[in-house]
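In what follows, a structure is listed as structure tokens, so that the remarks can point back to it.
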Amino acid sequence: MAIMSEELSDRYSPQEVEQKIYQNWESKGYFKAEDQSTKPPFCVILPPPNVTGFLHMGHALDHTIQDVLVRWRRMSGFNTLWLPGTDHAGIATQAVVEKDLRKNGADRLEMGREAFIEKVWEWKHQYGDRIYKQMRRLGDSVDWDRACFTLDDGVSKAVRKVFVHLYKKGWIYQGEKLVNWSPPLHSAISDLEVVHKETKGHLYHIVYTVDGSGEKLVIATTRPETYLGDTAVCVHPEDERYKNLVGKTITLPIINRKIKIIADEYVDREFGTGALKVTPAHDFNDYELGKKHNLEFINILNVDGTLNDKAGPFAGLKAQEARKQVVAQFEELGILEKVEPHTHAVGYCDRTGAVVEPFLSKQWFVHTKDLATPARHVVSNETSKFVPESWTKTYIHWMNIIEDWCISRQLWWGHRIPAWYCEDCKHVTVSEADPSQCEKCKSKNIKQDEDVLDTWFSSALWPFSTLGWPEETEALKTFYPTSVLVTGHDIIFFWVARMFMMGLEMMGDVPFRTVYIHGLVRDSQGRKMSKSLGNSVDPVELIENHGADALRFTLMAQMATGKDLKFSMQRLEGYRNFMNKLWNATRFSLQNMEGFRAPADGVNAVVESHRLSTADKWLIYKLSEVETQVNEYLEDMRFSDAANALYSFTWHEFCDWYLEFSKPVLYGENAEQKQVTQLVLAQTLNRIVRMLHPFVPFITEEIYSKLPIRGEACIIDQYPKPAKDRSWLSLGSQEAAFEMDLVKQVIAAIRNIRGENSIKPNQKIKAWVTPKDDHSQKILGNNKSEIIRLSSLESCELQARDDLKKCAVVPIRMGDSEIDVVVPLEGLVDIEKEVQRLSKAIEKHEKDIQILSKKLSNEKFVANAPADVVEADKQLLSEIESKVAQMRTSLNRLS
């Protein structure tokens, strides 16, 4: 029976369809995975965004990559799990809630721990799902029923079990070490929470007198107040200036502490004076020197960043004030030689903006060496692989130099350390369950450690804790190890490495088979997006104005493996136009489906080959090519290649060419031909929509629901693959593809001549198309009417033109075919102007040739630049030289 296709509205309006479609997907359960299934598993664990967070462009990129993979695998017959979750983000969340409390005149310390944590949970319940709503707007097809939070009971149970396990092995211990300290937070923080900024300061040159000799020694420092914690001056052992001073002492002014002059090859003789003040308790490099030379470690700071009683007369002062007073007294004593302006990198706490202090304190640490060895080995032997592979070396290098991991934080929000101190015997009880007494002396006088664990500790367990571990769940059996981790390079060390360590230790297997590392989203000038530069963009706002699909496709079309992405509004608008192109092409197709009988076999329906036109066979052949390419590209995670292949086929082959080729049939009277063309249209549209779906899910789902050939929903339909689409794709013809590509080139050449010479598109012109072989002659003869129609010609002669003067000539070379396209320009264009245009174009291209030739003759460039860059430049040079040669020939004809 005849099917009446549902019509699309005049214009695609993302605002009208996106949320409606998402709600339908969610209500139908299309995102849900099965714990037990005969389908092969595919699992992606979403890197948990902070519960305090908003969706930013980095998230938009990260999530779109994952969603493309997940939707593609789901449509390819996999039991697909994309598991969402959020991170409790200890420091970030506590800072946000404390800020809210201060606005209302409240204080965390006055409230007490329990009341404050209650407040944080209230905040979490009120705002914690904000990012989930934004993820829905982007189109994330996650299994919402499995959403996890890093402080959920199941995750907390896993955290305690791992902590106790590592403690009993001796791999978690307490020790006094140097850590990054945020004075406003009164807490240690991770390296990732330290933002280094170039800061204008001063270099202070201080003159010390060597005890017993009167010899002078000048040291230079950016932080003169830290001299209060100095326990040595260090020089290079081969520095002739200071060799005789090694082993002698200096008495520090004001505080009168004697310190040794020591020698170590660490010192750079060429920097400053070649003499280095050593403050082991307040500088990470000095800390290592202090351990090596068995120096005293003197901590001069309180937890709030003020100086303590070790600072003598400066006790109680903040660092900046202490600096002023110390410098003033040095001036009075005549030992301040000079002060120079100096710009240097200073670490700031990214949550408070305060200067981060290297601070000696007692903390909990993970001994990482034994954990790192197997984690390094599984990447070296490719049990797990990094994409791009270049990150493998970085990962292995980091694992070779890994330090013990500080896991304690002086906060209240987070996983409280499961350690209890006995007030009587001083024993430490570490337990999964809260103990009622000391495990050693049985005293009930025990108190739990006040600190919480670093957020990265619970995140390190994410691939298995989210699947139900430590219980042996069916989900864990099915989906661990997970398939792919998608993340940025900035957290390879902080998170990826630790997941490898914990997964191998607790599960005996890697947490994921593949780690895909993507670049950063930068602005159109290649700058990092930031509020200070005013170049950051809000993805939710972009979705509101342009639709999620346009944003997703913009990101994917530029997602070259491992490279940063330059985002611009122009590109976004361009891909929004692509959505409109797809929409309008579908509207045209559906409007021309009158009388079409949808085949009972649906996508499996075929037609006898002899009933297909050459254009039909050409399109099906091109469809076969793009199906093959896109699946290969997605398999290799070459997202931009996949997106651009789909863009090119949809916009150019289908919309620009096939729809034009099909119009005479669709508008004609031959019902049988029309039925075949309608079938080709319907089958091709169905496949285009399914192939595009992982990239642009909303518009494709909306279009799919109106197609004459369709299933229940695009999201759960099969992804087009050549192996499963043979019956339809076999109707394509390489010979037909060659024929139509040659015809296209002829039409394009005539159109280009029009464009270059400003000849109006509707002005009828004459053309001579000269084939130089019989095969080309036959092809052009078969398609002469199409060439005339689509080139808007008055006439088309398939023979050579004797006089080529004042003609535009475009040579076409394709395979063994050679054709010259000739259009007489006299009477159509201003010949003099065209001569000027060509002359200017030649001049410009010759400059380009000079620049490229110089570049490629530079041996250093050729030796050091990536091979693909050099090859691209060579190709470009060859193309420009060929173009100039053609232009010179054209210029000679016009002259």
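For the chain, which whole-number percentage of the solvent-accessible area (1.4 Å probe, protein heavy atoms only) is attributable to carbon and sulfur atoms?
It is 47 percent, rounded to a whole number.
The C-alpha atoms of the chain define a longest principal axis, and helix 867-894 lies at about 40 degrees to it. If R0 equals 45 Å, the separation of the Cβ atoms of Glu382 and Glu541 corresponds to a calculated FRET efficiency of about 0.60. The slack between Arg813 and His367, meaning 0.36 nm per residue of separation minus the straight C-alpha distance, is 153.9 nm.
Rounded to the nearest Hz, the phi-derived 3J(HN,Hα) couplings of the stretch 242-249 under the Karplus curve 6.51 cos²θ - 1.76 cosθ + 1.60 (θ = phi - 60°) are 10, 3, 6, 9, 4, x, 7, 10, where x marks glycine and proline.
Once you order the gyration tensor axes a ≥ b ≥ c over the Cα atoms, which shape class does the stretch 436-492 get: rounded for a/c under 1.5, otherwise prolate or oblate by comparing a/b with b/c?
Oblate, because a/c is 1.5 or more while a/b does not exceed b/c.
For the stretch 751-889, the relative contact order is 22 percent, taking Cα pairs closer than 8 Å that sit 6 or more residues apart in sequence and dividing their mean separation by the residue count.
The 1.4 Å probe gives accessible areas that order Lys385, Lys724, largest first, as Lys724, Lys385. Multiplying the residue separation of Trp121 and Lys393 by 0.36 nm and removing their Cα-Cα distance gives an extension gain of 93.8 nm. For Lys310, the solvent-accessible surface computed with a 1.4 Å probe is close to 110 Å², ligands and nucleic acids excluded. Based on C-alpha pairs under 8 angstrom that are at least 6 apart in sequence, the stretch 455-567 has a relative contact order of 24 percent. Per residue, the chain reaches -13500 deg cm²/dmol at 222 nm when only DSSP H runs of four or more residues are counted, each adding -39500 (n - 2.57).
Put simply, the amide H of Phe512, placed in the peptide plane, has neighbours under 5 Å in Thr482, leaving out anything fewer than 5 places away on its chain.
Roughly how tilted is helix 113-127, in degrees to the nearest 10 and between 0 and 90, from the longest Cα axis of the chain? Long axis of 113-127 versus the principal axis of the chain: about 10 degrees. Here the relative contact order of the stretch 316-441, from alpha carbon pairs under 8 Å that lie six or more residues apart, stands at 16 percent. In the structure shown, the pairs Lys119/Lys168; Lys32/Lys622; Lys292/Lys426; Lys766/Lys844; Lys744/Lys883 are assessed against 23 Å; a Cα-Cα span above that value is assigned to Lys119/Lys168; Lys32/Lys622; Lys292/Lys426; Lys766/Lys844. Residues of the stretch 312-333 with backbone nitrogen within less than 16 Å of a virtual label 7 Å along the Cα-to-Cβ line of Val218, please, listed as ranges. Residues 331 qualify, since their backbone N sits under 16 Å from the label point.
So with the 1.4 Å probe, I'd like the accessible area per residue for the chain, rounded to whole Å².
Ligands and nucleic acids excluded, the result is 45 Å² per residue.
Taking every DSSP bridge with both residues inside the chain, close to 70 percent are antiparallel. Taking other residues whose beta carbon is less than 13 angstrom from the beta carbon of Val676, and scoring Lys, Arg as +1 and Asp, Glu as -1, yields +1.
Note on the stretch 135-185: with charges restricted to the Cβ of Lys and Arg (+1) and Asp and Glu (-1), its dipole about the Cα centre is near 220 debye. Inter-label distance, Asp424 to Glu471: 3.8 nm, where each label sits 7 Å from its Cα along the C-beta direction. Judged by a Cβ-Cβ distance under 4.7 Å, the unpaired cysteines of the chain are Cys43, Cys148, Cys234, Cys349, Cys406, Cys655, Cys714, Cys796, Cys807. Taking label positions 7 Å along the Cα-Cβ direction at both Gln886 and Asp656, the computed distance is 1.5 nm, reported to one decimal.
Summing +1 for each Lys or Arg and -1 for each Asp or Glu among the other residues whose beta-carbon sits under 11 angstrom from that of Glu423 gives +2.
Remark: spin-label model distance Asp350-Asn670 equals 6.5 nm, labels positioned 7 Å along the Cα→Cβ axis.
When Arg376, Arg690 are compared by accessible area of protein heavy atoms, the largest-first order is Arg376, Arg690, using a 1.4 Å probe. Can you bin the stretch 334-435 into rounded, prolate or oblate? Criterion: square roots of the alpha carbon gyration tensor eigenvalues sorted a ≥ b ≥ c, rounded for a/c under 1.5, prolate for a/b above b/c, oblate for the rest. Judged from the Cα gyration tensor, the stretch 334-435 comes out oblate (a/c at least 1.5, b/c at or above a/b). For Gln36 and Glu879, the difference between the fully extended length at 0.36 nm per residue and the C-alpha to C-alpha distance is 297.8 nm. Taking the stretch 845-872 and a reference point 7 angstrom along Cα→Cβ of Lys566, no backbone N atom is nearer than 11 Å. If you line up the long axis of helix 497-507 against the longest principal axis of the chain, both from Cα atoms, how many degrees apart are they, to the nearest 10? The angle comes out near 80 degrees.
The values are calculated or read from the model by the stated rules, or taken from the named source; none is laboratory data. Computed from a predicted structure; not experimentally measured. With ideal geometry, Cβ positions are generated from the backbone for all residues, glycine too; neighbour counts draw on all protein chains shown. With ligands, DNA and RNA removed, areas are computed over all heavy atoms of the protein, side chains included. Shrake-Rupley method; radii C 1.70, N 1.55, O 1.52, S 1.80 Å.
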